[in-house]
Number of protein chains: 2
Amino acid sequence: MAATLDHVFASLADPTRRQILVMLLEDDLAVTDIAEPFEMSLTAISKHINILVAAGLITQEKRGRVKWCGLNPAAMKDASIWMESFGQFEAVNLDALERFLEAELDDDKTS
Amino acid sequence: MAATLDHVFASLADPTRRQILVMLLEDDLAVTDIAEPFEMSLTAISKHINILVAAGLITQEKRGRVKWCGLNPAAMKDASIWMESFGQFEAVNLDALERFLEAELDDDKTS
DNA sequence: TATTTAGTCAACCGGATGGTTGAGTTTTTG
DNA sequence: CAAAAACTCAACCATCCGGTTGACTAAATA
């Protein structure tokens, strides 16, 4: 799949999709597992997943009736490099990163 | 301006807007200057610029009848950190980055 | 075999996006 | 003062996006 900058950035612009990616950091998950914490239909989540797959950010493997979803962070590389080319950001502080990710998770839950 | 991840990523999802940001790497520019290389109306470019301003990626200063636009790469920081948290990307290779940016510029010109 | 589970598909809906044109405002310039 | 330059604003348009529901297929299970 040609994961263009357009697709990757557009995928990441939605908080539901970002939360899905964060969930997949821990484990591969089935579509139903991914949908469980969200207050929206399975169909809606399925569409979000398809968008992430099209962007290359998620890979899928069907075993039986279950479609397992796994993270493919490599698909972010070009986009990440693109952004870095603008940054004169200081090196990432790991504590700051942790707090940031927690805040982002809370935001997703309450919005 | 609260530059949320939503706004920053959505801003970057459009090739016209990315090209505008690249143009501003070199110099601050007036709205008309930014619009010149594009085959689209000044109004359309003005809208794109407003979106980038809302995302915090561009700052504006009006002097006389001219609105000068300048890059604010700091607004990318949170988004960049977010992506980095997924990456186990190897350190950025500067040559690769250069080739990548040139290719991106060509893409923008021809699409 | 009958039923549940996992997931997709198709149709629809309201609102956002990306573009247009035409008119209007303000500042500079001749 | 008159005209040009540098924008903005408002209205409109087609398409995309994020969500819904209801019907469907395929695999596991009782």
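For B:LEU12, the requirement of being modelled with pLDDT of 90 or more and facing chain A (nearest Cβ under 9 Å) is met. Within region A:13-55, how many residues turn out to be near DNA strand D (Cβ under 10 Å from one of its atoms) and within 11 Å of the chain's Cα centre (by Cα)? Number of matching residues: 7. Close Cβ contacts (under 6 Å, 6 or more residues apart or on different chains) running from residues in region B:25-52 that are within 14 Å of chain A (Cβ to nearest Cβ) to residues that are more than 7 Å from DNA strand D (Cβ to nearest atom) comprise B:ILE51/B:SER11; B:LEU52/B:SER11; B:LEU52/B:ARG17; B:LEU52/B:ILE58.
The values are calculated or read from the model by the stated rules, or taken from the named source; none is laboratory data. All values derive from a computational prediction rather than experimental measurement. All Cβ positions, even for glycine, are placed from backbone atoms using ideal geometry, and neighbour counts span all protein chains on display.
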